[in-house]
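The values are calculated or read from the model by the stated rules, or taken from the named source; none is laboratory data. Everything quoted here is computed from the prediction, not taken from an experiment. Neighbour counts are summed over all protein chains in view; Cβ atoms, including those assigned to glycine, are modelled from backbone coordinates with ideal geometry. Only protein heavy atoms, including side chains, enter the accessible area calculation; ligands, DNA and RNA are left aside. Shrake-Rupley method; radii C 1.70, N 1.55, O 1.52, S 1.80 Å.
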Amino acid sequence: MSALNNPVIAVIVSLVIAVGYFTLVDHYLMEMQGLDFWYLFRQ
């Protein structure tokens, strides 16, 4: 069975991509504007 046809694998891959994209965007926002999403949890 192909991994791409497995719904579980598809969901896991999607989550990894989403988290990676979010982290990348968060990094650029923090660099440009001094914003950091994770700062909300560190207060």
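When you go through 25, 16 one by one, which is the residue that is among the hydrophobic types (A, V, I, L, M, F, W, C), open to solvent by 80 Å² or more (accessible area, probe 1.4 Å) and at pLDDT 75 or above? After ruling out the rest, the residue left standing is 16. Checked against (1) at pLDDT below 75; (2) touching a Leu at 6+ places or on another chain (Cβ under 9 Å); (3) among the acidic types (Asp, Glu), residue 31 passes all but a single condition, namely (2).
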